[in-house]
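Enquirer: Please see the structure below; I have some questions.
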Amino acid sequence: MPTVPWTKSKPKDPPFFGLNEKVPTLLAIILGFQHALAMMGGLVTPPIILSGAAGLNLPVDTQAYMVSAALIACGIISIVQITSFKIPFTKLQLGSGLLSVVGTSFAPLPVAQAAFSQMYSSGFCPTSKDANGTIIKLPCPAGWGAFLGTVMISAWFGVGLSLLPHKVLKRLFPPIVTGPTLFLIGANLIKSAMQNWAGDSGPCAALPATGFFSKCPNLAAPNAAPWGSPQFIGLGFLVFATIIIVELFGSPFMKNAQVIIALLLGYLVAGVTGYVDKGPIDRAPVITFLWVKTFPISIYAPILIPLILVSGILAIEAVGDITATCEVSKQPVKGSAFEKRIQGGMMADGFGSFLSALMTNGPLSTFAQNNGVIAITQCANRTAGYWCCAFLILFGTLGKLGGAFVAIPKPVLGGMTSFLFASVAVAGIRIMSMLKWTRRDRFILTIGLTIGIGVVLLPNWFSNVFPVYQSEVLNSFVLTIQIIMDTGFVICALIIMLLNSIVPLGEKDVEARELEAEEEKKLEI
């Protein structure tokens with residue numbers, strides 16, 4: 001019963017439902033639906049971006065399929081993460097055994113976008129020119145197949161990291177590495193989000209005076225207008241402002257679903273005012289599933305090292321997310337049971353990324369936003385997690401829903417993704433705030449961020465350093481270097497890892513490490 005104001009009735013806290021406690025079926029279904037809503041906006045964003053004009057410019061029916069594949073893959077692999085399977089003949093487990101769900105990660109997006117740009121410039125992906133000389137990126141399913149094939153290899157690095165002790169992982173990827181890396185990943189992505197907010201991130205963003213892309217997204221689109229037109233800015237601002245309003249005045253349920261609420265409101269207004277192209281919805285099938293569309297699998301060697309680094313970053317991110325899930329689920333955050341959950345969760349992330357690539361979807365990571373749902377609803381029960389997975393798989397099989405996501409006008413998408421990508425950058429700032437900020441820390445970060453931020457602002461600065469060689473092996477090596485040097489967070493992470501290993505410790509650094517070691521010993525006791 002609700003608490004009536006100005007009475008003597010004592011308020012009661014909602015009951016807490018633990019991992020394996022019995023939960024009323026209707027409550028489990030409602031909470032599972034809430035978890036699904038909390039992750040929907042972030043989950044579908046990577047496939048929409050990478051399959052669209054900012055990526056491989058795939059046909060709209062293929063774009064709709066990729067959204068559906070992402071939903072289905074994340075639902076299936078989240079079941080593995082929640083269930084936790086013991087690996088025969090070992091002491092290892094696969095999955096954290098918590099209400100911990102996985103979704104398509106943002107971290108590989110800068111690497112993928114740099115790779116796709118390189119594929120088009122090198123001729124791996126086809127291009128054409130319009131009458132004005134504007135280069136048009138033609139659909140390139142082979143590019144997506146090459147990305148997936150490379151992910152299938154790099155994902156095993158994450159599996160290998162799950163076998164290492166937590167202390168070793170912290171030495172390999174300390175906060176001084178992971179903080180600026182996440183910050184630059186978010187900063188890099190915000191650029192494409194703002195381009196979409198202003199109209200599109202495709203050819204029309206170059207503001208050609210005439211031709212098919214003189215208006216965004218093109219002349220054939222409903223209510224097309226030049227890039228940066230006030231109506232586009234207004235649509236994006238409506239979504240962005242709705243996120244703020246829901247945070248200020250919304251209920252806990254609405255706050256957990258604020259991204260998808262803002263997206264749906266912007267979508268509704270765009271539809272009423274005539275900015276939605278119904279073509280992707282009409283061309284999408286009613287029912288779909290995995291492998292309805294397939295891609296020629298290959299390995300694109302230039303992005304192997306960057307994707308391996310991404311796997312390492314995602315592994316460290318998983319440690320923090322699973323620790324937070326343990327805390328809100330009232331599970332121990334130290335001891336052998338906790339360490340098994342960390343090991344199983346990291347392994348599920350790495351192996352899940354491999355399975356996800358087999359399912360034609362990108363790499364996965366543990367979603368942190370669902371911890372907020374657990375904390376507010378007081379339900380850490382795995383049954384609610386299974387219902388969340390069921391809803392994701394159901395949404396994925398509804399092909400028209402995938403088409404509806406693809407049909408979202410780019411300004412609406414930009415208003416949402418600018419918030420999501422900024423949250424990635426803020427997560428990096430939060431990690432950097434944990435540093436002691438000694439002179440050594442400031443020096444290392446200054447060197448790394450000088451190059452990292454510079455590359456984010458000028459991503460093609462290293463593209464003309466090497467000539468084109470006749471040897472395919474040599475060209476592949478050169479392309480690898482270019483991908484590393486043209487991707488801000490990759491070069492920044494490598495520089496900081498190198499400097500962190502060779503720059504001598506100062507007196508304050510030694511004191512900080514001794515204090516940290518003492519705190520770790522206290523946690524172990």
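Enquirer: Taking region 483-496 as the search range and keeping residues that are open to solvent by 20 Å² or more (accessible area, probe 1.4 Å) and more than 16 Å from G312 (Cα to Cα), which one is modelled with the lowest pLDDT?
Expert: Within region 483-496, the match that is modelled with the lowest pLDDT is D486.
Enquirer: What's the number of the condition I136 fails, among (1) in contact (Cβ under 8 Å) with a residue 60 or more places away in the chain; (2) part of a helix (DSSP H, G or I)?
Expert: Against the list (1) in contact (Cβ under 8 Å) with a residue 60 or more places away in the chain; (2) part of a helix (DSSP H, G or I), I136 comes up short only on (2).
Enquirer: Which of the numbered conditions does L420 fail, given that it passes all the others? Conditions: (1) at pLDDT 90 or above; (2) touching a Phe, Trp or Tyr at 6+ places or on another chain (Cβ under 8 Å); (3) under 12 Å from I190 (Cα atoms).
Expert: Against the list (1) at pLDDT 90 or above; (2) touching a Phe, Trp or Tyr at 6+ places or on another chain (Cβ under 8 Å); (3) under 12 Å from I190 (Cα atoms), L420 comes up short only on (1).
Enquirer: Another one. If only one of L435, L355, L445, L449 is out of contact with any Gly (no Cβ under 8 Å at 6 or more places or on another chain), in contact (Cβ under 8 Å) with a residue 24 or more places away in the chain and either under 19 Å from G103 (Cβ atoms) or not in a helix (DSSP H, G or I) (or both), which one is it?
Expert: L355
Enquirer: Could you check I176 against (1) crowded, with 24+ Cβ neighbours inside 10 Å; (2) in contact (Cβ under 8 Å) with a residue 60 or more places away in the chain and say which number it fails?
Expert: (1) is the only condition that I176 fails.
Enquirer: Okay, moving on. What pairs can you find where one residue is in region 245-273 and more than 17 Å from H35 (Cα to Cα) and charged (D, E, K, R), the other is open to solvent by less than 50 Å² (accessible area, probe 1.4 Å) and in a helix (DSSP H, G or I), and their Cβ atoms are less than 8 Å apart, with a gap of 6+ or different chains?
Expert: E247/Q258
Enquirer: Quick one: which helices (runs of 4 or more DSSP H) lie wholly within region 220-297 and hold at least 1 residues that are at pLDDT 95 or above and out of contact with any Pro (no Cβ under 7 Å at 6 or more places or on another chain)?
Expert: Here the list reads 230-249, 258-272.
Enquirer: Right, here's the next one. Which condition number does P306 fail, the rest of (1) farther than 20 Å from K167 by Cα; (2) surrounded by fewer than 24 Cβ atoms within 10 Å (Cβ to Cβ); (3) not hydroxyl-bearing (S, T, Y) being met?
Expert: Of the numbered conditions (1) farther than 20 Å from K167 by Cα; (2) surrounded by fewer than 24 Cβ atoms within 10 Å (Cβ to Cβ); (3) not hydroxyl-bearing (S, T, Y), the odd one out for P306 is (2).
Enquirer: Only one of these conditions is not met by P141: (1) at pLDDT 95 or above; (2) under 26 Å from P411 (Cβ atoms). Which number is it?
Expert: Among (1) at pLDDT 95 or above; (2) under 26 Å from P411 (Cβ atoms), the lone unmet condition for P141 is (2).
Enquirer: Right, something else. Could you list all residues from region 288-315 that are of a type in the set (S, T, N, Q) and over 22 Å from the mean Cα position of the chain (by Cα)?
Expert: Matches in region 288-315: T288, T294, S298.
Enquirer: If you don't mind, another one. Quick one: is L184 open to solvent by less than 50 Å² (accessible area, probe 1.4 Å), under 30 Å from E339 (Cα atoms), at pLDDT 90 or above and not β-branched (V, I, T)?
Expert: yes
Enquirer: Still on this structure: Of the conditions (1) of a type outside the set (D, E, K, R); (2) touching a residue at least 40 places away in the same chain (Cβ under 8 Å); (3) assigned to a helix (DSSP H, G or I); (4) over 30 Å from W291 (Cβ atoms), Q331 fails just one. Which one is it?
Expert: Result: Q331 fails condition (3) only.
Enquirer: Another question, if that's okay. Select from region 272-293 the residues that are open to solvent by 90 Å² or more (accessible area, probe 1.4 Å) and either among the basic types (K, R) or within 16 Å of F354 (Cα to Cα) (or both) and list them in ascending order.
Expert: K278, R283, W291
Enquirer: Also: Report, ordered by the first and then the second residue, all pairs with beta carbons closer than 9 Å, sequence separation of six or more or different chains, a first member in region 212-226 that is more than 10 Å from P409 (Cβ to Cβ), and a second member that is among the β-branched types (V, I, T).
Expert: Within 9 Å, the pairs are F212/T134; F212/I136; F213/T134; F213/I136.
Enquirer: Condition first: open to solvent by 30 Å² or more (accessible area, probe 1.4 Å), of a type in the set (K, R) and farther than 26 Å from I244 by Cα. Can you find one or more residues in region 376-384 that meet it?
Expert: The answer is yes; a qualifying residue exists.
Enquirer: If we keep just the residues of region 81-105 that are in contact with a strand residue (DSSP E or B) (Cβ under 7 Å, 6 or more places away or on another chain) and of a type in the set (G, A, S), which is surrounded by the fewest Cβ atoms within 10 Å (Cβ to Cβ)?
Expert: Applying the filter and picking the extreme gives S84.
Enquirer: If the Cβ limit is 6 Å and pairs must be 6+ apart or interchain, which residue in region 404-423 that is under 18 Å from S229 (Cβ atoms) pairs with which residue that is among the polar types (S, T, N, Q) and modelled with pLDDT of 90 or more?
Expert: K410/N196; L413/N196; G414/N196
Enquirer: Residue pairs, Cβ under 7 Å, 6 or more apart or interchain, first in region 70-85 and on the phi < 0 side of the Ramachandran plot and assigned to a helix (DSSP H, G or I), second among the charged types (D, E, K, R) and open to solvent by 10 Å² or more (accessible area, probe 1.4 Å). List them.
Expert: Note: pairs meeting the criteria are I82/R382.
The values are calculated or read from the model by the stated rules, or taken from the named source; none is laboratory data. Since the model is a prediction, treat every value here as computed from it, not as a measurement. Every residue, glycine among them, receives a Cβ derived from its backbone with ideal geometry; neighbour counts consider all protein chains shown. Accessible surface areas use protein heavy atoms only, side chains included; no ligands, DNA or RNA. Shrake-Rupley method; radii C 1.70, N 1.55, O 1.52, S 1.80 Å.
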